[in-house]
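Scroll down for the structure; my scribbles are underneath it.
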Amino acid sequence: MRILVVEDEKRLCEALVQLLKKQNYAVDYDNDGESGLDDALSGIYDVIILDVMLPKLDGISILREIRAEKMDVPVIMLTAKGSISDKVTGLDAGADDYLPKPFNTEELLARVRALGRRRGGIVETSSLSLGNTSYDAQNLRLICGAADITLTRKEGELLEYLMLNKNIITSKEQIIEKLWGFDSEAEANHVEVYVSFLRKKLKHINADIKITAVRGVGYKLEEA
Ligand code: CA
C-alpha cells in the first residue's frame, strides 16, 4: 500500500513518514499544497493524509480537485484542534475521515488500516491470487498450497501491483511510479532486479504463475 502525506510542519511530517514506513507502507510526502496536489493526482496512492492549512494551496482545495477528477482514493484530513468548520468542510469536500491535531499515532494507524481495508477489502480475498498462488499483503507472505515464503516490502509491492493487473501488460514506467513514486531516480533495471527476485521466490514455492517479459513494453503476470 502506498501512502501520500501532505503536511507542512516538517517535524510532524517526518514523524508521520517514519511511523508509516515502520508499518511496511510505502510513503511519499510533500510540504506544500501545490506539490501535494501534483502527487495526489498521479493516482498511485492508496491512502492520502492531508493537512488542511498548507502553504500555496490548502488541503480542502486539494481534496476538491482530487474528487473533481473522479478519484476515489481514501483521504484522511488533519484538522486544527476543535475546528468544527474544518471538519465539516472537509467531509463535505469528500474526505473519508478526519483527525484533529494533536492526534494519537495509534489512532491514525487504525484509521489508515481501516481505509486501506475498505479500499483493499475485495483485493485481499480475491484479486491478490492467481492460479495456485495468493499473496497476503498484510504479512508480506506469498502462499502456494502448504508452502509459503516472506517477501521484502518492495517485492511485495511489485507482486501486489502485478496481481492487481494480472493478465495485463504493465510498463516498467508504471511499475517505477507505483513502487518508487514518480519523482524517483529509480530506473528500469531496478524493476528488472525485483522481477528476478520474485521469479526465484515463485519458483521456490512451485507457483504455477509466471512473470512474462513483453519485449520493449513491460511485464505481465499470468498462469504458466
Ligand atoms: Ca499545516
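We did not get these values from a lab; they are worked out from the coordinates using the rules stated. This one's a predicted model, so the numbers in the text were calculated from it and none came from an experiment. Ideal geometry is used to build each Cβ from the backbone, glycine not excepted, and the neighbour counts take in all protein chains shown.
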_Residue under question is Glu185, and the condition is that it be touching a residue at least 40 places away in the same chain (Cβ under 8 Å) and not aliphatic (A, V, I, L, M); does it hold?_
no
_Subset of segment 75-103 that is within 14 Å of the ligand (Cβ to nearest atom) and assigned to a helix (DSSP H, G or I) - its residue that is nearest to Ser35 (Cα to Cα)_ = Gly90
*Restricting segment 154-179 to residues that are closer than 15 Å to Ala213 by Cβ and either under 13 Å from the mean Cα position of the chain (by Cα) or among the hydrophobic types (A, V, I, L, M, F, W, C) (or both), which is surrounded by the fewest Cβ atoms within 10 Å (Cβ to Cβ)?*
Ile168
